Amino acid sequence: MTVRVQTEDFDLSAEIARLRAGQPQVGAVVTFLGTVRDINEGQAVSEMELEHYPGMTEKALEDIVEQAKGRWNIIDALVIHRVGPLKALDQIVLVAVTSAHRGEAFDACEFIIDYLKTQAPFWKKEKTPQGERWVDARVTDDEAMAKWGVASNNGEAQ
C-alpha cells in the first residue's frame with residue numbers, strides 16, 4: 001500500500017507500472033483519476049487550492065485503504081492526492097487498486113474514492129470571478145458513502 005500527499009504532479013503510467021511490478025497474480029487494475037474542472041456549481045473556476053493537515057491526512061488515507069483491504073480481496077492499492085494551488089486540467093487524485101479479479105478492484109476503488117471525498121481531511125478553496133469560496137461537501141458524496149454503510153463527516157472535510 002502506498003499513500004502520498006504531494007504538491008508535485010504524477011505520471012499515471014509510471015505509477016501504475018510501479019504498482020503492478022513483480023505481481024504476476026494481478027489480474028485487474030482499476031484506477032480513478034480526478035482532475036480540476038474549469039466550472040463548478042455554474043461558476044467559472046480559475047484555480048483551486050487544496051489544504052490538509054500533514055501527518056493526519058496520510059494516516060486517514062492509510063486507514064481508508066486498510067478498510068478497503070478488510071472488505072475486499074485486493075492485492076495492493078495506491079492513493080496519491082495533490083495539495084496546493086491547481087489549475088483546470090491538473091490532476092488532483094489517483095486511486096489505483098489491484099486484485100486477481102475486476103469486481104473486487106472496482107468495488108474497492110469506488111469505496112476508497114467515496115470515502116476520501118467525505119472523510120479525508122482536505123479542504124478546497126476555489127477562485128471564481130466572484131471571489132474565493134470554500135467548497136462544501138456535496139449531497140451526492142454523502143449518498144455515495146451511505147451505500148457502504150458509513151456516515152460522512154457532514155461536509156467538515158473533503
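The values are calculated or read from the model by the stated rules, or taken from the named source; none is laboratory data. What you see is a predicted model; the values in this text were computed from it and never measured. Here the Cβ positions follow ideal geometry from the backbone for every residue, glycine too, while neighbour counts run over all protein chains shown. Heavy atoms of the whole protein, side chains included, go into the accessibility calculation; ligands, DNA and RNA do not. Shrake-Rupley method; radii C 1.70, N 1.55, O 1.52, S 1.80 Å.
Quick notes
- Complete set of residues in region 24-65 that are within 11 Å of Ala88 (Cα to Cα), part of a loop (DSSP other than H, G, I, E, B) and open to solvent by 50 Å² or more (accessible area, probe 1.4 Å): Arg37, Asp38, Ser46
- Tally, over region 116-130, of residues that are in contact with a Phe, Trp or Tyr (Cβ under 7 Å, 6 or more places away or on another chain) and either among the aromatic types (Phe, Trp, Tyr) or surrounded by 23 or more Cβ atoms within 10 Å (Cβ to Cβ) (or both): 1
- Scanning region 50-73 for residues that are within 28 Å of Lys87 (Cβ to Cβ), among the small types (Gly, Ala, Ser) and under 14 Å from the mean Cα position of the chain (by Cα) gives a single hit, Ala60.
- Cβ-Cβ under 6 Å pairs, at least 6 apart or on other chains, region 2-30 side within 24 Å of Ala60 (Cβ to Cβ) and among the hydroxyl-bearing types (Ser, Thr, Tyr), far side modelled with pLDDT under 95 and open to solvent by 80 Å² or more (accessible area, probe 1.4 Å): none
- Within region 77-115, being surrounded by fewer than 19 Cβ atoms within 10 Å (Cβ to Cβ), outside any helix (DSSP H, G or I) and touching a helix residue (DSSP H, G or I) at 6+ places or on another chain (Cβ under 9 Å) holds for Val83, Gln91.
Matching residues to (1) over 24 Å from Leu12 (Cα atoms); (2) among the aliphatic types (A, V, I, L, M); (3) modelled with pLDDT of 95 or more:
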position	(1), (2), (3)
Glu51	no, no, yes
Val79	no, yes, yes
Ala88	no, yes, no
Arg133	yes, no, no
Asp141	yes, no, no
